[in-house]
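The values are calculated or read from the model by the stated rules, or taken from the named source; none is laboratory data. All values reported here derive from a predicted model rather than from experimental measurement. Glycine also receives a Cβ, built like all others from the backbone with ideal geometry; neighbour counts cover every protein chain displayed. All accessible areas refer to the heavy atoms of the entire protein, side chains included, with ligands and DNA or RNA removed. Shrake-Rupley method; radii C 1.70, N 1.55, O 1.52, S 1.80 Å.
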Amino acid sequence: MLKKPSIPKGTRDFNPQEVSKRNYIFSVIRETFSLYGFQPIETPSFENSETLMGKYGEEGDRLIFKILNSGDYLAKVDDVLYAEKDSNKITSNISEKALRYDLTVPFARYVVQHQNEITFPFKRYQIQPVWRADRPQKGRFREFFQCDADVVGSTSLWQEVEFVQLYDAVFSKLVLKGVTIKINNRKVLSGIAESIGAEDKLIDFTVALDKLDKIGEEGVKKEMREKGISEEALQKLQPLFSFKGSNEERLNSLKGMLQTSELGMKGVNELEFIVENIKTLGLQTSSLQIDVTLARGLNYYTGAILEVSAPEEVNMGSIGGGGRYDDLTGIFGLKDMSGMGISFGLDRIYLVLEELNLFPETISENSKALFINFGEKEALYAMRAIAKLRIAGIKAELYPDATKMGKQIGYADKRNIPFTVLAGEKEMESQVFTLKNMKSGEQFQVNLLELEAFLDT
């Protein structure tokens, strides 16, 4: 008995309508990236393991898909190591490559490798799939597209301001109102860790804090205790869980909390610059909100951290995020190359637009018209017309078989093709076509020029 075909968990097939909707999102993001001066690049789907490992923290490393070496991948494993059955020790011997986890680290590798060809500051965008061995759930997949924009080679905070505007521009074009762009700063987090006496556990502190919206206050405290953060430190941290008010009020609270931390105050000043300038410039449909619990547990962020939340009526995780990294390329030998970047979560954005019914009704990769096939001569007559329509940029096709007209009409109906074109003997004699509106049932005769003009509307 044949086994029923299936696909791996966390992956999906996409039908034509879904692809059309995804392409709509891609086009809006790509056009906006270009409008803001970003240039496209692409990198391989897999990288050398040493490029990726150690760049995302302990949790991130566990989610990287490793690729087995080709050929006899156990050849380099000796009997002693094999007998230990320690997967962590054996992995480096059997896997030298891995699927990319994100687009940022490959971008850093690209910048270092091509630094002599690049004009800095370098503004690039990249729209490609990434892979993570995560637990599949709503809005979270093991294979998904990221849409990234980064600028490297500039320390100016105007980049952060522009990225906030870019987020707002994309979501405004998608008519997705009520989006919240949350912002924090890793210097602020470092200052908080310093003020509670936990500076030596900064990574543990930020990784736990980043889970606040998932596991709640008590869950975060429990994880911090498990990482060795004291009760006294947790008591000092308590005001962090109840920060309220406007951005200005939150900034004032942070200034009071971090007045003894030089690094923390630097972070506050950076936040203040971004918030004040966004307030002056204004946003179209989104709002900017300081969130002091926003940590994003990635090791490479050093300044501003951004995360985008969907409108409140949609139960969805973040639909975008990013931040400032002062020395990401340093891990590949190019020091003092500051950068700032953001990412759009295409799959989650798709689910949000679907739930809120925000996709335009006109989105379709369908043909505008299906020519009915009455036979060989009629098909040739139709194909001549179809060729001219295609030159004019109008999608049209001929039903391939001269079968019953009802079957052909049914095909057009199932495909949601709006018009059918009848070109039989009578039409050929008069050099016309009978055009039928599939929705209204109305039909009328037109010549080729009239047909082209009608279908081009």
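Checked against the criterion of being more than 23 Å from G57 (Cβ to Cβ) and touching a strand residue (DSSP E or B) at 6+ places or on another chain (Cβ under 7 Å), the stretch 350-367 has at least one qualifying residue. What do you reckon, is S34 touching an Asp or Glu at 6+ places or on another chain (Cβ under 9 Å), of a type in the set (S, T, Y), open to solvent by less than 90 Å² (accessible area, probe 1.4 Å) and at pLDDT 80 or above? Answer is no for this residue.
What about K187, is it surrounded by 21 or more Cβ atoms within 10 Å (Cβ to Cβ), closer than 19 Å to I305 by Cβ and out of contact with any strand residue (DSSP E or B) (no Cβ under 8 Å at 6 or more places or on another chain)? It is true that K187 is surrounded by 21 or more Cβ atoms within 10 Å (Cβ to Cβ), closer than 19 Å to I305 by Cβ and out of contact with any strand residue (DSSP E or B) (no Cβ under 8 Å at 6 or more places or on another chain). Residues considered: M428, M438, M405, M383. Of these, the only one that is more than 30 Å from C147 (Cα to Cα), open to solvent by 50 Å² or more (accessible area, probe 1.4 Å) and touching a strand residue (DSSP E or B) at 6+ places or on another chain (Cβ under 7 Å) is M383.
Can you find, within the stretch 302-318, the residue that is nearest to I183 (Cα to Cα) among those that are in a loop (DSSP other than H, G, I, E, B) and open to solvent by less than 20 Å² (accessible area, probe 1.4 Å)? Here the answer is G303.
Residue count for the stretch 137-184, restricted to those that are open to solvent by 10 Å² or more (accessible area, probe 1.4 Å), part of a loop (DSSP other than H, G, I, E, B) and on the phi < 0 side of the Ramachandran plot: 8.
Considering the stretch 386-402, and only residues there that are out of contact with any helix residue (DSSP H, G or I) (no Cβ under 8 Å at 6 or more places or on another chain) and assigned to a helix (DSSP H, G or I), the residue that is least open to solvent (accessible area, probe 1.4 Å) turns out to be I386. Quick check on E354: is it outside any loop (DSSP other than H, G, I, E, B), more than 24 Å from N184 (Cα to Cα) and at pLDDT 90 or above? Judged against the criteria, E354 is a match. Only one of the listed residues (S261, S230) is closer than 15 Å to E199 by Cβ and surrounded by fewer than 19 Cβ atoms within 10 Å (Cβ to Cβ). That residue is S230. Residues in the stretch 55-77 that are aliphatic (A, V, I, L, M) and open to solvent by less than 30 Å² (accessible area, probe 1.4 Å): I64, V77. Residue under question is R348, and the condition is that it be within 21 Å of K211 (Cβ to Cβ) and either among the basic types (K, R) or surrounded by 16 or more Cβ atoms within 10 Å (Cβ to Cβ) (or both); does it hold? When the stated conditions are applied, R348 passes them.
Would you check if there is a residue in the stretch 220-243 being basic (K, R), touching a Ser or Thr at 6+ places or on another chain (Cβ under 8 Å) and within 30 Å of S27 (Cβ to Cβ)? No, every residue in the stretch 220-243 fails to be basic (K, R), touching a Ser or Thr at 6+ places or on another chain (Cβ under 8 Å) and within 30 Å of S27 (Cβ to Cβ).
Table: residues versus (1) closer than 16 Å to A149 by Cα; (2) in contact with a helix residue (DSSP H, G or I) (Cβ under 8 Å, 6 or more places away or on another chain); (3) aliphatic (A, V, I, L, M).
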{"site": "G267", "(1), (2), (3)": "no, yes, no"}
{"site": "E270", "(1), (2), (3)": "no, yes, no"}
{"site": "I274", "(1), (2), (3)": "no, yes, yes"}
{"site": "I278", "(1), (2), (3)": "no, yes, yes"}
{"site": "L281", "(1), (2), (3)": "no, yes, yes"}
{"site": "Q284", "(1), (2), (3)": "no, yes, no"}
{"site": "A310", "(1), (2), (3)": "no, yes, yes"}
{"site": "G320", "(1), (2), (3)": "yes, yes, no"}
{"site": "G330", "(1), (2), (3)": "no, no, no"}
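Could you tell me how many of the residues in the stretch 408-425 are in contact (Cβ under 8 Å) with a residue 24 or more places away in the chain, more than 15 Å from N447 (Cα to Cα) and out of contact with any strand residue (DSSP E or B) (no Cβ under 8 Å at 6 or more places or on another chain)?
2
Residue pairs whose Cβ atoms lie under 8 Å apart, separated by 6 or more positions or on different chains, with the first residue in the stretch 362-383 and within 24 Å of Y24 (Cα to Cα) and the second of a type in the set (F, W, Y) and modelled with pLDDT of 95 or more, are I363/Y24; K368/F419; A369/F419; L370/Y399; L370/Y411; L370/F419. Note down all Cβ pairs under 6 Å where the first residue falls in the stretch 120-138 and is closer than 25 Å to D150 by Cβ and of a type in the set (G, A, S), the second is assigned to a loop (DSSP other than H, G, I, E, B) and modelled with pLDDT of 90 or more, and they're at least six residues apart or on different chains. So the pair list comes out as A133/L63; A133/F65. Kindly establish whether G322 is among the small types (G, A, S), open to solvent by less than 10 Å² (accessible area, probe 1.4 Å), modelled with pLDDT under 95 and within 23 Å of the chain's Cα centre (by Cα). Judged against the criteria, G322 is a match.
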